[in-house]
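The values are calculated or read from the model by the stated rules, or taken from the named source; none is laboratory data. Quick caveat, the model's predicted, so the values are computed rather than measured. FYI the Cβ positions are ideal-geometry reconstructions off the backbone, even for glycines, and counts take in every protein chain you see.
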Amino acid sequence: MEDGNRLISIGLLAQRTGVAVSAIRFYEEKGLLQSLRTGGNQRRFLRSDIRRISFILIAQKLGLGLAEIERELACLPQGRTPTKRDWERVSRSIRKGLDERIAMLERTRDKLDGCIGCGCLSLRKCRLYNPDDEAGEGGSGPRFVLG
């Protein structure tokens with residue numbers, strides 16, 4: 001490590017995050033990360049970029065698209081370690097979308113083994129919960145899950 005433990009190499013960043021060096025270069029190309037260059041043109045990253053990459057990995061697992069992730073990371077400062085307040089701003093920004101995803105996951109979990117309101121009427125429960133495909137009046141698809 002260099003610069004008072006503030007800067008780390010791309011290899012160490014990859015090791016600490018479990019992300020391939022090629023993926024880190026991709027994130028940098030997309031503007032999600034920003035490297036500094038040494039006199040020998042080697043990439044160096046802020047140690048706090050470990051958290052940025054961790055956020056990217058978690059956000060992807062939560063179903064956020066690259067454009068959403070890019071938008072959130074663009075709100076964070078470049079060239080300095082984001083503060084707790086910076087991360088709270090990101091958290092507030094994505095909270096509503098996460099709450100909506102959680103609610104849909106819970107509905108899916110609770111309804112998948114029974115009637116989901118798709119109109120197939122193939123399960124006994126469907127005939128009880130959605131007789132004559134009444135859910136179809138609300139639109140196409142799995143109405144009880146998608147609403």
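Exactly one residue out of 105, 123, 146 is at pLDDT below 90 and closer than 24 Å to residue 60 by Cα, and it is 146.
Considering the conditions (1) within 21 Å of residue 13 (Cα to Cα); (2) assigned to a loop (DSSP other than H, G, I, E, B); (3) free of Cβ contacts under 8 Å to residues at least 40 places away in the same chain; (4) within 16 Å of the chain's Cα centre (by Cα), residue 32 is excluded by exactly one of them, (3). Does residue 51 meet the test of being closer than 30 Å to residue 19 by Cα, in a helix (DSSP H, G or I), out of contact with any Ser or Thr (no Cβ under 9 Å at 6 or more places or on another chain) and at pLDDT 90 or above? Criteria not met by residue 51. Here residue 91 clears all of (1) in the same structural domain as residue 60 (by TED's automatic domain parsing); (2) hydroxyl-bearing (Ser, Thr, Tyr); (3) surrounded by 14 or more Cβ atoms within 10 Å (Cβ to Cβ) except the condition numbered (3). Residues in the stretch 40-87 that are surrounded by fewer than 11 Cβ atoms within 10 Å (Cβ to Cβ), over 14 Å from residue 28 (Cα atoms) and over 12 Å from the mean Cα position of the chain (by Cα): 40, 41, 77, 84, 85.
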